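Down below is the structure, laid out as structure tokens.
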């Protein structure tokens with residue numbers, strides 16, 4: 001069993017190892033029930049309990065160490081007939097389905113450079 005040590009003290013003046021290359025990019029897409037993308041016309045709010053933060057954070061670290069581009073997981077909200085815990089969390093019944101995926105991205109500099 002391997003271990004991953006995290007320094008819980010946060011110092012905004014010191015970059016973490018994963019911040020050095022600038023490719024710690026996340027892409028969030030929002031789709032309506034028809035599958036149409038509505039990302040530019042919405043906001044996303046994610047609220048997690050302390051144990052959900054710990055559970056999801058732990059599972060995301062595990063996933064990072066088993067990383068494979070395009071690997072993904074569907075997490076559906078719990079209901080009376082169907083209670084599922086996936087990636088360290090259970091989604092509140094009023095949540096929508098969450099799809100967590102792995103994807104390779106360029107450094108942030110590629111997304112922020114001026115068009116010539």
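All of the numbers you see were taken from the coordinates with simple rules; none came from a lab. Please read all numbers here as calculations on a predicted model, not as lab measurements. Because the Cβ atoms are built from the backbone with ideal geometry, glycine has one as well, and the counts that use them run over all protein chains shown.
General remarks:
- Scanning region 80-93 for residues that are touching a helix residue (DSSP H, G or I) at 6+ places or on another chain (Cβ under 9 Å) and part of a loop (DSSP other than H, G, I, E, B) turns up 85, 87, 88, 90.
- Scanning region 70-79 for residues that are farther than 17 Å from residue 29 by Cα and assigned to a loop (DSSP other than H, G, I, E, B) yields 78, 79.
- Taken over region 32-50, the criterion of being in a helix (DSSP H, G or I) and more than 16 Å from residue 99 (Cα to Cα) is satisfied by 40, 41, 50.
- Qualifying residue in region 82-89 (condition: in contact with a strand residue (DSSP E or B) (Cβ under 7 Å, 6 or more places away or on another chain), farther than 26 Å from residue 8 by Cα, without any contact (Cβ under 8 Å) to a residue 12 or more places away in the chain and exposed (fewer than 13 other Cβ atoms within 10 Å of the Cβ)): no
- Residue list for region 2-58, filter: exposed (fewer than 10 other Cβ atoms within 10 Å of the Cβ), touching a helix residue (DSSP H, G or I) at 6+ places or on another chain (Cβ under 8 Å) and under 20 Å from residue 91 (Cα atoms): 28
- Residue check for residue 114: part of a loop (DSSP other than H, G, I, E, B) and either under 16 Å from the mean Cα position of the chain (by Cα) or closer than 30 Å to residue 21 by Cβ (or both): yes
- Residue in region 94-110 that is at negative phi, loosely packed, with under 10 Cβ neighbours inside 10 Å, in contact with a strand residue (DSSP E or B) (Cβ under 8 Å, 6 or more places away or on another chain) and outside any strand (DSSP E or B) present: yes
- Of the residues making up region 1-29, those that are under 25 Å from residue 99 (Cβ atoms), assigned to a loop (DSSP other than H, G, I, E, B), out of contact with any strand residue (DSSP E or B) (no Cβ under 7 Å at 6 or more places or on another chain) and free of Cβ contacts under 8 Å to residues at least 40 places away in the same chain number 3.
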